[in-house]
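J.: To start, I am sharing the structure in question, which I have written as structure tokens.
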Amino acid sequence: MKVLVIGPGGREHAIVRSLLADPNVSEVHAAPGNAGISKLVPTHPIDANDPDAVAALATKLTVDLVVVGPEAPLAAGVSDAVRAAGIPVFGPSKAAAQLEASKAFAKEVMAEAGVPTAMARVASNAEEAADALDTFGAPYVVKDDGLAAGKGVVVTNNRDEALAHAQTCFDAGGTVVIEEFLDGPEVSVFVLCDGLNTVALSPAQDFKRIFDNDEGPNTGGMGAYTPLEWAPEGLVQEVIDRVAQPTVNQMAHRGTPFVGVLFVGLALTSRGTRVIEFNVRFGDPETQAVLARLKTPLGGLLMAAAKGELDKVQPLRWSKETAVAVVVAAENYPDTPRTGDRIRGLKKVESIEGVHVIHAGTKLDDEGKVVSAGGRVLAVVALGADLVEARERAYDGVELVQLDGGQFRTDIGGKAARGEIKVQTPGAPAASKAKA
Ligand code: AMP
Ligand code: GLY
């Protein structure tokens, strides 16, 4: 099987790496790729967001499957163009990608499908925003109603700050979704969908804020680990039964079947499991950790989803090890990052047992040296017997990465490794009340 992977980031590097380990995959191409991907497979310098360009490349390469990584090409209709060219594609149509591209659309489908999520209101001016903020109270959650790479959401106790974010979105011609605040730990579950059937991958946890202890602004994600030893038993089945399958059914019912990966972002709140958001592609950097543990060959799995054959897939096989991914970001990320800096030490990083490097914002300069080219530059991914060992290996690796101004969080998987994550199940008294 010949596969073309679309996208430039860490998620795509991880996908390419896993595809190359699939015995039934004979050839992999990537477009546009990055410095890490170009060391593994041929890359093609096309505009990944141009549906015609992607369909033409897939046709020219005579690939059997196209895998679309990021949300922007999906929202631009890349999958539709490839499908129209008669090539199977892993990735939803432009219409189905609205589940991520519009938060208001996602809320509408969740309401129709009976999916548990935060109460929300759409606001299109300052007055409506103020009214919605006061209805739900603090902490305030204000979301730009469009693609914002995880950075369009402000969660704050400061009402003025919440209003100011809403105003920025209105000034840019947009609307906002204002929500009730969801407490409790967050979980990312990736569910493969073929339009009808669903298969869930092992849950992961992502770290959204730039600084340790979840401080500072939101980013695309600064690290991840999987599996989640602390997650309630039955969580994955609950996500399938109450979230993914009803959503897939509803999308089919609407005439816009969902094919690809439905990324369910959840909060395990004291009132039960709630969907925070849907994305229509694999999470980055969760994918770097999740695929490191997946033993079932990835190419066959993605092809089954693309062809409507997920019901024929055997139960997935996973490594018993734990995986941790720690992102190294450029100076000034998530604001405009500094780029063009040499990255050194990666060979040494990969000499550590169980450790590999996944490139995200990197490119080769004129001399063929690896330099930074984006906000999140790379991730050090480590497998270990347990979370403690995987973290040790990942951070030993991170210490060896040489990048001027590079920044990383030191607490990826830290709370879980110390057994400090508690899920408060509905009906159970809060810990403090239980003591009284
Ligand atoms: P989103 O882009 O919707 O995933 O939001 C980005 C991040 O903001 C999430 O991962 C959460 O950490 C936080 N967030 C979003 N919605 C809520 C909510 N209703 N309550 C609490 N935190 C939220
Ligand atoms: N890591 C979260 C995301 O990919 O949106």
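J.: Can you pull out the residues in region 79-103 that are open to solvent by less than 40 Å² (accessible area, probe 1.4 Å) and part of a loop (DSSP other than H, G, I, E, B)?
T.: Once the filter is applied, which keeps residues that are open to solvent by less than 40 Å² (accessible area, probe 1.4 Å) and part of a loop (DSSP other than H, G, I, E, B), region 79-103 yields ILE87, PRO88, GLY91, PRO92, SER93, ALA96, ALA97, SER102.
J.: From ALA166, ALA162, ALA130, ALA106, which residue is of a type outside the set (Lys, Arg), away from ligand 1 (no atom under 16 Å from the Cβ), open to solvent by less than 50 Å² (accessible area, probe 1.4 Å) and not in a strand (DSSP E or B)?
T.: Working: ALA166 fails: away from ligand 1 (no atom under 16 Å from the Cβ); ALA162 fails: away from ligand 1 (no atom under 16 Å from the Cβ); ALA106 fails: away from ligand 1 (no atom under 16 Å from the Cβ).
On inspection, the qualifying residue turns out to be ALA130.
J.: For a quick check of your reading of the model, give me the residue pairs whose first member lies in region 59-76 and is closer than 12 Å to ALA48 by Cα, whose second is of a type in the set (Phe, Trp, Tyr) and crowded, with 18+ Cβ neighbours inside 10 Å, with beta-carbon atoms closer than 6 Å and at least 6 apart or on different chains.
T.: VAL67/PHE90
J.: For GLU238, all conditions in the list (1) away from ligand 2 (no atom under 16 Å from the Cβ); (2) acidic (Asp, Glu); (3) surrounded by 24 or more Cβ atoms within 10 Å (Cβ to Cβ) hold save one; what is the number of the exception?
T.: (3)
J.: Return the residue satisfying two criteria in turn: it lies in region 262-274 and is more than 29 Å from GLU309 (Cα to Cα) and among the aliphatic types (A, V, I, L, M), and of such residues it is nearest to ligand 1 (Cβ to nearest atom).
T.: ALA267
J.: With free of Cβ contacts under 8 Å to residues at least 24 places away in the same chain and among the small types (Gly, Ala, Ser) as the only criterion, which of GLY260, GLY234, GLY265, GLY299 stands out? Write out each step before concluding.
T.: Numbers: GLY260 fails: free of Cβ contacts under 8 Å to residues at least 24 places away in the same chain; GLY265 fails: free of Cβ contacts under 8 Å to residues at least 24 places away in the same chain; GLY299 fails: free of Cβ contacts under 8 Å to residues at least 24 places away in the same chain.
After ruling out the rest, the residue left standing is GLY234.
J.: Tell me, please, whether a residue that is out of contact with any Lys or Arg (no Cβ under 8 Å at 6 or more places or on another chain) and β-branched (Val, Ile, Thr) can be found in region 89-101.
T.: No: region 89-101 contains no residue that is out of contact with any Lys or Arg (no Cβ under 8 Å at 6 or more places or on another chain) and β-branched (Val, Ile, Thr).
J.: For region 109-127: of the residues being part of a loop (DSSP other than H, G, I, E, B) and over 14 Å from VAL264 (Cβ atoms), which is most open to solvent (accessible area, probe 1.4 Å)?
T.: Per the stated criteria, the residue is MET119.
Let's see how each residue does on (1) open to solvent by less than 10 Å² (accessible area, probe 1.4 Å); (2) under 22 Å from the mean Cα position of the chain (by Cα); (3) within 16 Å of ligand 1 (Cβ to nearest atom):
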position	(1), (2), (3)
VAL280	yes, yes, yes
ASP284	no, yes, yes
THR287	yes, yes, yes
LEU310	yes, yes, no
LEU316	no, yes, no
GLU321	no, yes, no
ALA325	yes, yes, no
THR336	no, yes, no
VAL349	yes, no, no
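J.: Report whether or not VAL259 is within 15 Å of ligand 1 (Cβ to nearest atom) and at pLDDT 95 or above.
T.: no
J.: Among the residues of region 225-241, write down those that are of a type in the set (D, E, K, R) and part of a helix (DSSP H, G or I).
T.: GLU238, ASP241, listed by residue number.
J.: Assess whether HIS29 counts as being farther than 22 Å from ARG293 by Cα and out of contact with any Ser or Thr (no Cβ under 7 Å at 6 or more places or on another chain).
T.: Numbers: farther than 22 Å from ARG293 by Cα: yes; out of contact with any Ser or Thr (no Cβ under 7 Å at 6 or more places or on another chain): yes.
Criteria met by HIS29.
J.: Need at least 1 residues that are touching a Phe, Trp or Tyr at 6+ places or on another chain (Cβ under 8 Å) and closer than 18 Å to VAL89 by Cα per element, so show me which helices (runs of 4 or more DSSP H) inside region 1-68 make the cut, counting only ones lying wholly within it.
T.: 10-20
J.: For region 243-278, how many residues meet the condition of being open to solvent by 10 Å² or more (accessible area, probe 1.4 Å), assigned to a strand (DSSP E or B), farther than 26 Å from GLU180 by Cβ and not hydrophobic (A, V, I, L, M, F, W, C)?
T.: 0
J.: Follow-up. Specify the residue that is nearest to ligand 1 (Cβ to nearest atom); the eligible residues are those in region 210-229 that are open to solvent by 40 Å² or more (accessible area, probe 1.4 Å) and out of contact with any Lys or Arg (no Cβ under 8 Å at 6 or more places or on another chain).
T.: So the residue we want is ASN213.
J.: When region 192-204 is examined, which residues are found to be within 15 Å of ligand 2 (Cβ to nearest atom) and surrounded by fewer than 24 Cβ atoms within 10 Å (Cβ to Cβ)?
T.: PRO203
J.: For region 169-192: of the residues being of a type in the set (A, V, I, L, M, F, W, C) and assigned to a strand (DSSP E or B), which is farthest from ligand 1 (Cβ to nearest atom)?
T.: LEU192
J.: Same structure again: Has region 151-158 got at least one residue that is more than 9 Å from ligand 1 (Cβ to nearest atom), assigned to a strand (DSSP E or B) and over 23 Å from PRO334 (Cα atoms)?
T.: No; the residues of region 151-158 include none that is more than 9 Å from ligand 1 (Cβ to nearest atom), assigned to a strand (DSSP E or B) and over 23 Å from PRO334 (Cα atoms).
J.: Name the strands (runs of 3 or more DSSP E) wholly inside region 336-436 in which the number of residues that are small (Gly, Ala, Ser) is 3 or more.
T.: Qualifying strands (runs of 3 or more DSSP E): 376-384.
The values are calculated or read from the model by the stated rules, or taken from the named source; none is laboratory data. What you are looking at is a predicted structure, and each value in this text was computed from that prediction instead of being measured. Positions of Cβ are backbone-derived with ideal geometry, glycine not excepted, and every protein chain shown enters the neighbour counts. Accessible surface is based on the protein model in full, side chains and every heavy atom, while ligands, DNA and RNA are left aside. Shrake-Rupley method; radii C 1.70, N 1.55, O 1.52, S 1.80 Å.
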